[in-house]
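Data block below; observations after.
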Amino acid sequence: MTIAYVGIGSNLDDPQAQVMRAFDELAALPRTRLDARSSLYRSAPVGHADQPDFVNAVAALETELSAQQLLQGLQGIEQKHGRKRSFANAPRTLDLDLLLYGSAEIDAAGLQVPHPRMRERAFVLQPLLEIAPELPFDLARCRDQRVERIAICREGRRYEPAVEGVNHSGRKRAAQLHAPDLGVERDLQQRALRRLDDHAKASFIVP
Ligand code: ADP
Ligand code: MG
């Protein structure tokens with residue numbers, strides 16, 4: 001059994017739904033168990049800026065597949081999501097990167113592990129360190145990159161809008177952010193908005 005971490009990204013065709021589906025498909029890989037799902041994060045595109053924001057997450061897997069077999073599995077899932085390879089940093093329905101495969105260091109033609117660019121990317125490190133805080137990576141190196149947590153995995157495979165840190169003046173923005181575009185059930189959205197209301201009320205209480 002090897003613990004592997006997979007970076008997930010999408011910025012086309014309902015990115016949140018693509019990411020959530022990808023988690024389920026990773027869980028269904030042969031000889032593999034899905035151990036953890038990170039929160040979903042929103043990040044600005046890297047390189048080619050004229051494209052939609054990305055939704056990013058990281059999955060922790062326990063697998064008996066070799067690193068090469070796992071990469072093939074990841075590419076098979078990408079293809080099921082209609083991934084087309086056009087140009088570097090192009091928009092994509094689904095990108096699955098093998099970030100870490102145990103402590104292996106691999107430098108083969110089609111597979112480098114640890115993933116060569118992961119240390120410079122906040123949208124990788126933030127979700128990775130969320131589910132594996134013991135790993136020796138430093139987010140401070142990419143402090144200038146903004147990633148915004150948009151949904152938290154609560155229990156099992158259920159995601160709930162992330163509302164922490166939102167104050168009264170942020171309410172409208174948060175409501176816009178969470179209500180129309182999250183792939184979560186409506187009652188969860190309503191609950192999140194009620195919590196925002198409570199928060200707004202609390203902020204009016206004079207100490
Ligand atoms: P990127 O993720 O860098 O935007 P692609 O997803 O198009 O680019 O991947 C390009 C190639 O990177 C793939 O054909 C794959 O063989 C190779 N590759 C090398 N190392 C890895 C890795 N650790 N995880 C995923 N793909 C990798
Ligand atoms: Mg990739």
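Worth a mention:
- Within the stretch 1-50, the set of residues being more than 16 Å from Pro91 (Cα to Cα) and among the acidic types (Asp, Glu) comprises Asp24, Glu25, Asp35.
- Within the set Arg31, Arg83, the sole residue that is within 23 Å of Gly110 (Cβ to Cβ), more than 14 Å from ligand 2 (Cβ to nearest atom), touching a Leu at 6+ places or on another chain (Cβ under 6 Å) and of a type in the set (Lys, Arg) turns out to be Arg31.
- Scanning the stretch 126-149 for residues that are outside any loop (DSSP other than H, G, I, E, B), more than 16 Å from ligand 2 (Cβ to nearest atom) and within 15 Å of the chain's Cα centre (by Cα) turns up Gln126, Leu129, Glu130, Ile131, Val147, Glu148, Arg149.
- Any hit, the stretch 132-145, residues being modelled with pLDDT of 95 or more, within 24 Å of Arg21 (Cβ to Cβ), touching a Phe, Trp or Tyr at 6+ places or on another chain (Cβ under 9 Å) and not charged (D, E, K, R): yes
- Total residues in the stretch 10-25, condition among the acidic types (Asp, Glu), closer than 18 Å to Arg149 by Cα and part of a helix (DSSP H, G or I): 0
- Close pairs from the stretch 18-46: first charged (D, E, K, R), partner in a loop (DSSP other than H, G, I, E, B) and modelled with pLDDT of 95 or more, Cβ under 6 Å, at least 6 apart: Arg31/Glu64; Arg31/Leu65
- Top-ranked residue in the stretch 81-119 [being in a loop (DSSP other than H, G, I, E, B), more than 8 Å from ligand 1 (Cβ to nearest atom) and under 16 Å from Ala59 (Cα atoms); ranked as farthest from the chain's Cα centre (by Cα)]: Gly102
- The residue of the stretch 49-80 that is farthest from ligand 1 (Cβ to nearest atom), among those that are touching a strand residue (DSSP E or B) at 6+ places or on another chain (Cβ under 8 Å) and in a loop (DSSP other than H, G, I, E, B), is Glu64.
- Selection of first residues in the stretch 94-108 that are within 16 Å of ligand 2 (Cβ to nearest atom) and at pLDDT 95 or above and of second residues that are basic (Lys, Arg) and assigned to a loop (DSSP other than H, G, I, E, B), restricted to Cβ pairs under 9 Å at least 6 apart or on distinct chains, gives the following pairs, ordered by first then second residue: Leu94/Arg83; Asp95/Arg83; Leu96/Arg83; Asp97/Arg117.
- Residue selected from the stretch 42-60 under the condition crowded, with 23+ Cβ neighbours inside 10 Å and in contact with a helix residue (DSSP H, G or I) (Cβ under 6 Å, 6 or more places away or on another chain), by the criterion farthest from Leu129 (Cα to Cα): Val55
The values are calculated or read from the model by the stated rules, or taken from the named source; none is laboratory data. Not measured: the values here are computed from a predicted model. For neighbour counting, all protein chains shown are included, and Cβ atoms are generated from backbone atoms with ideal geometry for every residue, glycine included.
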